Every structure is written in structure tokens, then in C-alpha cells.
Amino acid sequence: LGVALAFRLQVWNIGAEGQFALGAVGATWVALSLPGAPSYIVLPLMIAMAAVAGGLWGFIPAFLRQKLKTNEIIVTLMMNYIAILILDYLVYGVWKDPASFGFPMTAEFSEAAIVGKIGTTNYSWGLVHCLVLGLIFWVFIKYSRLGFEIKASGDNVRAAKYAGIPYDRLVMLVMVLSGALAAWAGFLEASSTINRLQPSIMAGYGYTAIVVAWLARLNPFYIGVASFLLAGLRVGVEGLQLDLQVPAAFGGIIEGLILLTVLAGGLFTSYRIVVARKAHER
């Protein structure tokens, strides 16, 4: 959703991976700082801190784009590595659990800092978070004035500026929201899947989000479908690794082929090939 929001404005946020990492770091900081706090206090604070960290990580490339005319693709991509190194520094250093037998990980979160399962099922309440955020995203884009400005600016920047839409401020806001949404996913991964922070949390979800967003044509409902499709692909590849010794990179290859197919289809449906002839050839 965060990637799709930025792409709607034709702002190319490739930094979801780093924003995801900073979201997990921010949420972990709250969980480790308030081990005895009740869930109705610690969970909202974890979400807020994750959103602030991810939003700040999204604001930096937007600010540099506006003030220094830098390319947000390059900046967000480089910032991914910085965010991952920050995470590694913490789990290998100051946050490392003394009882982890030397493995780089934090102590396990308290029960109050964990997003639990829905009833007796194996599904986390994080799934509900995603569904609610998807609905809010759809309503925001379709019915709000700001959503209209995002769509209009994404379709034609010059026309939007001529109509008085504050495009520069819109880029800043959208990048902050995009980073916050990606960071929310980092919070959910840390608090509902592994219940601690460790390097394995960085499984390339930020880059997969780009594939999902394009596969769904930036539509929040289709994003849900595409997410389940690629999640099934990842789980299936893990099973193939165990049963048939298929390389782990096989899943990434399939994801890449899917993305290339979708982009190629969009290219041929949006443009047509025109054969230009010189005057003396006519």
C-alpha cells in the first residue's frame, strides 16, 4: 500500500525495504523500553514509533528531491542499505540478547507487545490491520480531496500545478505516508511473526511490495489478491527447497518474470509502435 501510494503520484519510492526495517526498529525500541506496560499502551506506541521512523525515512529523499533535485530512486535505494546496517548494528550490539547463545537477536517481546492470533486460528490480527488499511487507502484515494490531487498530479504534473495543486508539498506528504505504511508492515513482522528483532526479518518484502503494487495496477483490492499470490509463491518455494532441493533464488526469478510480464503488458497496451519513414523514402 505504501509503495502504491507513492507510485500513484509518479514518485518512485524504492525505499520500502529500508522503511520496513526502520519500522521494525522503532517498534522494537518501544517493546524493549516498556516491558511491563499493558498491551493497550505498548501496541499503539509501537505503531506510532514505527510510523514516525518510516515516515522520517521517506521524508529525507523527498526533501532532497525538492531542495537538491536528486533522483529519489537512487536515494531511496541507497537508504535501504543504511537502514539495514542500522538494524544489524543494534541486534549485533546494544540490543543483543545475552541469552541468545551468540545469535544476533533481541530478547523476545513481552506478551503485551505481541500482536496475537485471531481466536483459535493461526491467522494474526495483523491480517485485520492490512484489510482495514487497504479499505482506508481505497476510500482516501477515491473520495478525499487529497486523493484526487494525488491522482490528478500523477496523471499530469504540469496540469496539476497549473490548477493550483501544491505539488511539492504533496510529494513530501505522500513520501512520509508511504514510508509510514511500509514501516507499519515492519512493526507487524516484528511483533506478530517472530516476536523479536533479528536480521532474518529482512526477507526482501520491500522489493516484493514493488512487484505486488505493479501486479495490482496500484488498486488496493487487487493488492490484497496479488499479496496472497506472491505469499503463496514464497511458501511454495520454501517447500520445494526442502523436498526437491530447489535453489532459494527460484522464487525471486519467478517474481522477476511476473513483474517483467506485467510491465511489458502495460507498455504494449499504453503505447503503439509507429514506423517513421524519411521523406525521400515515401
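The values are calculated or read from the model by the stated rules, or taken from the named source; none is laboratory data. Since this is a predicted model, take the numbers as computed values, not measurements. In this analysis, Cβ positions are derived from the backbone assuming ideal geometry, glycine residues included, and neighbour counts consider all displayed protein chains.
The figures follow:
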item	result
Selection status of Leu188, under 26 Å from Ala4 (Cα atoms), touching a strand residue (DSSP E or B) at 6+ places or on another chain (Cβ under 8 Å) and either part of a loop (DSSP other than H, G, I, E, B) or touching a residue at least 12 places away in the same chain (Cβ under 8 Å) (or both)	yes
Restricting segment 205-229 to residues that are on the phi < 0 side of the Ramachandran plot and assigned to a loop (DSSP other than H, G, I, E, B), the residue that is surrounded by the fewest Cβ atoms within 10 Å (Cβ to Cβ)	Asn219
When residues of segment 77-132 are limited to those that are over 20 Å from Trp184 (Cα atoms) and of a type in the set (Ser, Thr, Tyr), the one nearest to the chain's Cα centre (by Cα)	Tyr89
Conditions (1) modelled with pLDDT of 95 or more; (2) more than 22 Å from Gln198 (Cα to Cα): number failed by Ile82	(2)
Test: residue in segment 79-97 that is closer than 24 Å to Ile150 by Cα, surrounded by 16 or more Cβ atoms within 10 Å (Cβ to Cβ) and of a type in the set (A, V, I, L, M, F, W, C)	no
Criterion (aliphatic (A, V, I, L, M), surrounded by fewer than 19 Cβ atoms within 10 Å (Cβ to Cβ) and assigned to a helix (DSSP H, G or I)) met by exactly one of Leu127, Leu170, Leu181, Leu177	Leu127
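Every residue, every condition in (1) in contact (Cβ under 8 Å) with a residue 60 or more places away in the chain; (2) within 29 Å of Asn219 (Cα to Cα), yes or no:
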position	(1), (2)
Met46	yes, yes
Gly55	yes, yes
Ile60	no, yes
Gln66	yes, yes
Ile82	yes, no
Phe140	no, yes
Arg145	no, yes
